[in-house]
Amino acid sequence: MRTSFITLVVAAIGAVNAHPLKRDGGVDDATVLNFALTLEHLENAFYSQALAKYDAAAFEKAGFRSWVRERFQQVGEHEAAHVQFLSGALGDKATQPCTYDFPHDDPKSFAAFSQILEGVGVSAYTGAAQYITDKSYLTAAASVLATEARHASWVASTVNGGSGWSGALDVPLTLDTVYTLAASFIKSCPSTNPALPVKAFPAVSFGDHPKPGSMASVTFTATTDASTQLYAVFFTGLSQLVSPIHDGKTMIPAELRGTVYAVVSTNDTIATDGTIVAGPAIINIDFNAEGNLIN
Ligand SMILES: *[C@@H]1O[C@H](CO)[C@@H](O)[C@H](O)[C@H]1NC(C)=O
């Protein structure tokens with residue numbers, strides 16, 4: 001069953017090497033697939049390492065039903081399948097796994113981090129879609145995206161007891177913002193890996209529990225001139241909400257719900273890879289079935 005699915009998708013993707021489609025900024029289809037493969041390697045390592053570390057008894061002790069770990073095993077198998085078919089499509093251009101450092105030390109923190117990782121995966125595929133020129137790759141990428149979104153919803157709702165979605169629309173993340181989030185968990189990569197046209201921004205924090213409708217401290221290492229007015233930009237659905245930063249503080253927009261990605265931008269209306277000076281930070285704003293904030 002699994003083998004035939006992989007074969008099908010590899011056939012759909014075809015041989016990337018045969019048609020290098022150069023785009024502005026040097027993002028061709030092979031580059032996008034290698035970017036996706038970079039994330040899939042990370043996810044694959046995350047599940048295989050964590051499930052090797054936490055056995056059924058550990059999950060039970062953490063309060064999870066026995067099938068939760070078994071479902072996580074299926075999720076891990078999906079990530080391994082994604083690695084296999086992207087690697088197959090890229091042939092000898094395929095980027096290899098790195099070594100990683102993930103922030104969890106028990107099944108609970110593993111499940112919390114899984115929710116973050118699956119969400120970033122969904123936003124990465126959503127944001128990268130615009131760079132894919134070959135429609136069969138686009139179909140394959142959409143197919144992976146749909147599965148990652150199911151993982152994200154299952155972990156967020158069934159496992160972690162929250163909302164399975166943020167709202168009507170999901171956030172598309174740019175290549176650099178995705179890479180920034182992934183790079184913080186990558187320790188080192190084989191020197192033979194193809195260089196990707198991406199960069200990581202400095203980290204930013206909006207404090208412990210930023211609350212919609214309240215002021216929050218914005219902490220980051222400024223690389224801009226001190227006189228430059230900076231803005232906090234909050235990615236929610238397809239919108240970007242902007243709040244000016246004054247004296248290291250900003251107003252968290254009251255309407256934010258669910259998973260929000262927040263950056264510091266030099267622009268007063270948008271954040272692009274060209275205007276971001278720090279971030280993204282991932283802000284999770286829990287809300288109940290009525291749409292109201294939880295605590
Ligand atoms: C922000 O970006 C918009 C659109 O690119 C541009 O028109 C505007 O001048 C920029 N504003 C600043 C403050 O850089």
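The values are calculated or read from the model by the stated rules, or taken from the named source; none is laboratory data. Because the structure is predicted, anything quoted here is derived from the model rather than measured. FYI the Cβ positions are ideal-geometry reconstructions off the backbone, even for glycines, and counts take in every protein chain you see.
Looking at this structure, is Lys61 surrounded by fewer than 21 Cβ atoms within 10 Å (Cβ to Cβ), within 23 Å of Thr192 (Cβ to Cβ) and assigned by TED's automatic domain parsing to the domain that holds Ser114?
Spelling it out, it is not the case that Lys61 is surrounded by fewer than 21 Cβ atoms within 10 Å (Cβ to Cβ), within 23 Å of Thr192 (Cβ to Cβ) and assigned by TED's automatic domain parsing to the domain that holds Ser114.
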Where a residue in the stretch 264-284 is over 15 Å from Ser243 (Cβ atoms) and among the aromatic types (Phe, Trp, Tyr) and its partner, wherever it lies, is more than 16 Å from the ligand (Cβ to nearest atom) and outside any strand (DSSP E or B), with Cβ under 8 Å and at least six apart:
none
With the condition kept exactly as written, say whether any residue in the stretch 173-186 is touching a residue at least 12 places away in the same chain (Cβ under 8 Å) and among the charged types (D, E, K, R).
yes
So which pairs qualify, if the first residue must be in the stretch 59-82 and more than 17 Å from Ser109 (Cα to Cα) and aliphatic (A, V, I, L, M), the second must be buried (at least 16 other Cβ atoms within 10 Å of the Cβ) and modelled with pLDDT of 95 or more, the Cβ gap must be under 6 Å, and the two must be at least 6 apart or on different chains?
Ala80/Asn44
What is the one condition in (1) under 30 Å from Gln96 (Cα atoms); (2) away from the ligand (no atom under 16 Å from the Cβ) that Lys249 does not satisfy?
(1)
Pick out the one residue from Val277, Val242, Val233, Val260 that is crowded, with 16+ Cβ neighbours inside 10 Å and either of a type in the set (Asp, Glu) or away from the ligand (no atom under 16 Å from the Cβ) (or both).
Val260
Residues that are closer than 17 Å to Gly127 by Cβ and not assigned by TED's automatic domain parsing to the domain that holds Val171: which strands (runs of 3 or more DSSP E) entirely in the stretch 182-282 hold 3 or more of them?
231-236, 258-265
Show the residue pairs that are 6+ apart or on different chains and have beta-carbon atoms under 9 Å apart, the first residue being within the stretch 213-225 and under 20 Å from Ile252 (Cβ atoms), the second being in a strand (DSSP E or B) and of a type in the set (S, T, N, Q).
Met215/Thr250; Ala216/Thr250; Ser217/Ser205; Ser217/Thr250; Val218/Ser205; Val218/Thr250; Thr219/Ser205; Phe220/Ser205
